[in-house]
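Notes for the one structure printed next.
The values are calculated or read from the model by the stated rules, or taken from the named source; none is laboratory data. None of these values were measured; they are calculated from a predicted model. Heads up, the Cβs are rebuilt from the backbone with ideal geometry, glycines too, and the neighbour counts pull from every protein chain shown.
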Amino acid sequence: MLWPFGSTWRPVRQRRRDTVDLRWLSARTWTRRWYPQGIDVGEWRGRRTLAVSWFRQELSGEHLASRVTLVDLERSRHIDILLAVTDDEGELQPARIHAGGLAWFGDRLFAAATGRGIWEFDLSDIREVRGALAQRLAGAHRRGGRSTALIAVRTRVHPIALRCSYLGRVFDEDGTSLSRVLIGEHRTDESGRIGEFAIPDGADGDFTEVDRFTPGIPRMQGAVRWGPHHFVSQSDRMHPGTLWSGHRETLSPNPVPLPVGCEDLALDLEAGLLWSLGEHPWRRVVRGIPFTRLGIPDGSGSGDGGSSRRT
């Protein structure tokens with residue numbers, strides 16, 4: 001397996017209090033060029049894997065590229081896959097999106113492209129590129145450094161009548177993954193909406209909206225659903241984030257804090273964890289919070305989730 005762009009750097013799996021923390025032992029922990037955003041859990045080459053999306057930007061804020069880091073949850077090793085698109089001339093270009101949320105279904109990886117719908121990438125067709133092309137798809141302007149990369153190419157853009165700041169998976173009450181996602185809007189006021197959509201079975205299908213609501217929560221960063229139970233993350237600048245949980249009509253803040261600069265959410269039913277992550281330099285962490293801390297001791301999405309029960 002190829003390990004491109006410094007991927008010999010490895011996150012260390014740590015347990016602090018009652019959470020599982022992954023921290024980056026490299027420039028990833030402090031760089032202001034790459035920012036982590038989206039998260040989901042899936043399987044890569046037969047191993048349980050965590051996917052974390054990043055976007056690269058100029059210090060001016062211009063988006064240059066995006067990537068997904070796949071983290072082996074048992075070995076804590078990781079591999080980077082750059083996200084690419086094909087232009088009108090058939091040339092590969094970097095995917096210049098915020099990648100604010102991920103939803104992973106087998107070989108299909110969906111990424112939120114704020115203001116530009118949901119972009120789909122094919123993980124069954126990972127390609128290797130070299131030299132100047134590898135550097136360009138990573139958004140690098142200078143020559144030198146590593147010159148080999150793995151890429152996933154966009155297969156489709158799915159237009160959505162929302163801002164598409166983030167997206168998250170949906171599970172039924174018995175823990176079965178449904179072919180649905182929650183797609184939401186990050187707004188600084190309370191006008192942000194969350195829609196539930198059925199994903200298309202094939203390459204030619206469209207996302208179908210089945211539900212929509214406005215929680216009245218400013219600065220929403222991620223949302224997932226388990227049965228009737230919703231989880232929504234809310235950022236608070238340089239303070240710990242807030243997890244809102246419960247039925248959609250009665251969402252309430254959970255006493256368990258989220259990381260500073262919290263972003264997307266992912267449900268890991270096999271491990272009994274809710275994953276989130278923090279984006280701010282020097283405070284970056286990928287954190288798994290046990291369901292028992294969230295008031296779901298029986299491993300069921302029907303718990304009230306707003307209680308202060310902990311174990």
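Listed here are the residues, each with its yes/no results for (1) closer than 30 Å to Glu270 by Cβ; (2) out of contact with any His (no Cβ under 8 Å at 6 or more places or on another chain); (3) in contact (Cβ under 8 Å) with a residue 60 or more places away in the chain.
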site	(1), (2), (3)
Ile151	yes, yes, yes
Arg154	yes, yes, yes
Phe171	yes, yes, yes
Arg187	no, yes, no
Ala198	yes, yes, no
Gly205	yes, yes, no
Glu209	yes, yes, no
Thr214	no, yes, no
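Selection of first residues in the range 56-72 that are farther than 18 Å from Thr114 by Cα and of second residues that are crowded, with 17+ Cβ neighbours inside 10 Å and of a type in the set (Ser, Thr, Tyr), restricted to Cβ pairs under 7 Å at least 6 apart or on distinct chains, gives the following pairs, ordered by first then second residue: Leu70/Thr49; Val71/Thr49; Asp72/Thr49. In the range 265-290, of all residues being of a type in the set (Asp, Glu) and more than 10 Å from Leu50 (Cβ to Cβ), the one that is surrounded by the most Cβ atoms within 10 Å (Cβ to Cβ) corresponds to Glu279. The conditions of being farther than 20 Å from Ile194 by Cα, surrounded by 22 or more Cβ atoms within 10 Å (Cβ to Cβ) and in contact with an Asp or Glu (Cβ under 9 Å, 6 or more places away or on another chain) are met by Pro259.
Restricted to the range 103-199, the set of strands (runs of 3 or more DSSP E) holding at least 2 residues that are buried (at least 22 other Cβ atoms within 10 Å of the Cβ), among the aromatic types (Phe, Trp, Tyr) and modelled with pLDDT of 95 or more comprises 118-122. Checked against (1) part of a strand (DSSP E or B); (2) surrounded by 18 or more Cβ atoms within 10 Å (Cβ to Cβ), Glu43 passes all but condition (2). Out of the residues in the range 67-102 that are of a type in the set (A, V, I, L, M) and in a loop (DSSP other than H, G, I, E, B), state the one that is surrounded by the most Cβ atoms within 10 Å (Cβ to Cβ). The qualifying residue surrounded by the most Cβ atoms within 10 Å (Cβ to Cβ) is Ala99. Candidates in the range 203-217 are the residues that are touching a Phe, Trp or Tyr at 6+ places or on another chain (Cβ under 8 Å) and not in a loop (DSSP other than H, G, I, E, B); of these, the one that is surrounded by the most Cβ atoms within 10 Å (Cβ to Cβ) is Glu209. Residues considered: Asp40, Asp88, Asp107. Of these, the only one that is within 23 Å of Val170 (Cβ to Cβ) and free of Cβ contacts under 8 Å to residues at least 24 places away in the same chain is Asp107. Among all residues of the range 196-210, there is none that is β-branched (Val, Ile, Thr) and under 16 Å from the mean Cα position of the chain (by Cα). If only residues of the range 1-40 that are polar (S, T, N, Q) and surrounded by 15 or more Cβ atoms within 10 Å (Cβ to Cβ) are counted, the one that is modelled with the lowest pLDDT is Ser7. Determine whether Val52 is on the phi < 0 side of the Ramachandran plot, assigned to a strand (DSSP E or B) and surrounded by fewer than 22 Cβ atoms within 10 Å (Cβ to Cβ). In short, no.
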